[in-house]
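*Asks:* Just passing along the structure, written as structure tokens.
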Amino acid sequence: MQSAPLMTSPALDYGKLAKALCHLRAQVDNRRTLPADIPLLMREAVEESIIQRFETAWDSLWKALRRYLRDEVGLAEVPNGPNPVLRLAHENDLLPSPIEQWLTYARLRVQTAHDYSHEKAQAALQHMDAFLQDANRLFIRLTGQTPDAYCA
């Protein structure tokens, strides 16, 4: 098993991923501060925003990971799809938590895109803190910086 370098070349741009993670964190934090008596429609709007920001962050993350595997690790063939990319990242010791956790995030992403049920949204929302922690740790592993370094 090959261990990937922790720093990237300047050619890879992680700004979109960093901003997506910052925006997701801001909305997750916003949800925590909502007053208990906020109208249901307002609460749902914030939660829907979190789901949309998760979708954007997830898509940016696995695509950045794909580029890293190709450009930094030097893998000649990197499949186009989150699950194969996650498996390659796992094989190259990039994931900061078990691959099963990352596959759960991938499953949640698919479910939120194709099923707008309240139950699936609530299930995804329950994973946001863990996702943010894992995504931030992966970001640091890929770039040597926190996403906050990119956000103003």
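Please treat every number below as a calculation from the coordinates, not as lab data. Just so it is clear, the model here is predicted, and its values are computed rather than measured. Neighbour counts are summed over all protein chains in view; Cβ atoms, including those assigned to glycine, are modelled from backbone coordinates with ideal geometry.
*Asks:* Please give the calculated 222 nm ellipticity per residue for the chain, where each DSSP H segment of at least 4 residues contributes -39500 (n - 2.57) and the sum is spread over every residue; nearest 500 deg cm²/dmol? Can you show the working numbers first?
*Replies:* Details: 6 runs with 98 residues, N = 152.
Result for the chain, helices only: -21500 deg cm²/dmol.
*Asks:* Using a Gaussian network model of the chain whose springs link C-alpha atoms within less than 10 Å, name the residue from Ala45, Ala124, Ala106 with the highest mean-square fluctuation.
*Replies:* Ala45
*Asks:* So what is the relative contact order for the stretch 56-138, in percent, with contacts set as C-alpha pairs under 8 Å and at least six apart?
*Replies:* Details: 48 pairs, mean separation 21.2, N = 83.
For the stretch 56-138, the relative contact order is 26 percent.
*Asks:* Which value, in debye to the nearest 20, describes the size of the charge dipole of the stretch 15-150 about its Cα centre when Lys and Arg Cβ atoms bear +1, Asp and Glu Cβ atoms bear -1, and nothing else is charged? Mind dumping the intermediate values first?
*Replies:* Working: 17 positive and 18 negative charges, 56 e Å.
Dipole about the Cα centre, nearest 20: 280 debye.
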